[in-house]
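Here is the structure we will look at, set down as structure tokens.
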Ligand SMILES: Cc1ncc(COP(=O)(O)O)c(C=O)c1O
């Protein structure tokens, strides 16, 4: 595409932002620049690219692309979602404090409680759907409020702009893990957040074939810091992975629409099923976060959790699915089911799992792009095995 893509629509930017035809050959797709270093024409010459840990054109294209989709200032791609969260936490000094949604991906909990606690980074686990709880947890040294919305796996919805008001009034910034909805459905920076994080492994990549993480910031000082951390700590995204994620993003809008319409079909089957004791999906009118979600996002996504009452019932379900695959992860073209208590959230202590409602009977499905009728048949067959 010729010219600047800034004023173009989301789908156009998904395909074109950050990507100009390659100048030597005119290749329409950004090549995989599989190089660790770049020639310097003479000693002391100013060059755009000198070493691939600092900058790689394939990675730069992805970073510009995701920054555009998230309406942010700059993007920074890392080797995984966890590497991008680690980079985010390097903005916090020891003895400073952050607030984190109490129900987040288990790996985020493990990173803060079992790794970064060694560096005296203090995290308070707060129900961020409760604004009073957020305000009460704020300290003078609180640097960030990190929100997941919807949360993994309980699908709690936090009012992002309301939390931004509370945090900003106390001089703290707001970061949102936007992995579950992708920028197609939710753009936290437009709601007032300072930073968005993605496990690009999920919907951005979309095909369960690589790991990656991205930070998008709207703060020039943070942008400079993250570029410095990429260079200095080095957990950057490799060019092949950057290429795969860039390729995945080109179809993000069509995939997200189909993910969501399939999720609706599966949710309707689950909602009426006698073996399903509780259903967690923000698209349901009786979900406590439904109205907030309608206000701050343009869709409900395709992550669905439900409780079948016991570990044995969950095991019977998971052992009998055939189209849906039992596996960690989410956001790929194929439907995946997992048992959060023993898989994605195994790092969380039992009493915390009990408090959050992550029971032995809880199952989470990432609804994929297969035929909706096959998914319903498969889910109902497996429920019948309970
Ligand atoms: C919401 C969320 N955030 C972060 C991560 C971590 O991302 P990655 O697996 O790419 O390191 C995950 C992984 O499952 C996730 O679901």
The listed residue being within 20 Å of residue 201 (Cα to Cα), surrounded by fewer than 23 Cβ atoms within 10 Å (Cβ to Cβ), in contact with a strand residue (DSSP E or B) (Cβ under 6 Å, 6 or more places away or on another chain) and not assigned by TED's automatic domain parsing to the domain that holds residue 183, out of 369, 318, 336 = 336
In the range 259-285, what residues are at pLDDT 95 or above and in a loop (DSSP other than H, G, I, E, B)?
-> 273, 274, 275, 276, 277, 281, 282, 283, 284, 285
What helices (runs of 4 or more DSSP H) lie completely within the range 88-186 and have 1 or more residues being away from the ligand (no atom under 14 Å from the Cβ) and either more than 24 Å from residue 307 (Cβ to Cβ) or touching a helix residue (DSSP H, G or I) at 6+ places or on another chain (Cβ under 6 Å) (or both)?
-> 131-137, 160-169, 182-185
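Have a look at 18, 44 and point out the one that is touching a helix residue (DSSP H, G or I) at 6+ places or on another chain (Cβ under 7 Å) and either closer than 20 Å to residue 219 by Cβ or away from the ligand (no atom under 16 Å from the Cβ) (or both). If you could, list the steps in order and put the result at the bottom.
Numbers: 44 fails: touching a helix residue (DSSP H, G or I) at 6+ places or on another chain (Cβ under 7 Å).
Being touching a helix residue (DSSP H, G or I) at 6+ places or on another chain (Cβ under 7 Å) and either closer than 20 Å to residue 219 by Cβ or away from the ligand (no atom under 16 Å from the Cβ) (or both) holds for just one of 18, 44, which is 18.
To keep it simple, each residue is scored yes or no on (1) modelled with pLDDT of 95 or more; (2) under 23 Å from residue 221 (Cβ atoms).
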{"site": "99", "(1), (2)": "yes, yes"}
{"site": "105", "(1), (2)": "no, no"}
{"site": "124", "(1), (2)": "yes, no"}
{"site": "128", "(1), (2)": "yes, no"}
{"site": "134", "(1), (2)": "yes, no"}
Counting only residues that are in a loop (DSSP other than H, G, I, E, B) and crowded, with 22+ Cβ neighbours inside 10 Å, how many does the range 212-224 have?
-> 1
Please enumerate the residues belonging to the range 187-206 that are assigned to a loop (DSSP other than H, G, I, E, B), away from the ligand (no atom under 14 Å from the Cβ) and touching a residue at least 60 places away in the same chain (Cβ under 8 Å).
-> 187
In the range 336-361, anything away from the ligand (no atom under 15 Å from the Cβ), in contact (Cβ under 8 Å) with a residue 60 or more places away in the chain and over 17 Å from residue 101 (Cα atoms) is listed as 361
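Looking at the range 236-246, which of the residues that are more than 18 Å from the chain's Cα centre (by Cα) and within 16 Å of the ligand (Cβ to nearest atom) is surrounded by the most Cβ atoms within 10 Å (Cβ to Cβ)?
At the first step, the residues of the range 236-246 found to be more than 18 Å from the chain's Cα centre (by Cα) are 238-240, 243.
Then drop every residue that is not within 16 Å of the ligand (Cβ to nearest atom), which leaves 238, 240.
Numbers: 238: 19, 240: 13.
Per the stated criteria, the residue is 238.
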Sole miss for residue 267 among (1) more than 16 Å from the ligand (Cβ to nearest atom); (2) farther than 13 Å from residue 379 by Cβ; (3) buried (at least 16 other Cβ atoms within 10 Å of the Cβ) is condition (2)
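Results for (1) assigned to a loop (DSSP other than H, G, I, E, B); (2) surrounded by fewer than 22 Cβ atoms within 10 Å (Cβ to Cβ); (3) in contact with a strand residue (DSSP E or B) (Cβ under 7 Å, 6 or more places away or on another chain), shown as yes or no for each residue.
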| residue | (1), (2), (3) |
| --- | --- |
| 11 | no, yes, no |
| 22 | yes, yes, no |
| 43 | yes, yes, no |
| 49 | yes, yes, no |
| 58 | no, no, no |
| 67 | no, no, yes |
| 77 | no, no, yes |
| 85 | no, no, yes |
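The values are calculated or read from the model by the stated rules, or taken from the named source; none is laboratory data. Note that the structure is predicted; figures quoted are calculated from it, not measured. FYI the Cβ positions are ideal-geometry reconstructions off the backbone, even for glycines, and counts take in every protein chain you see.
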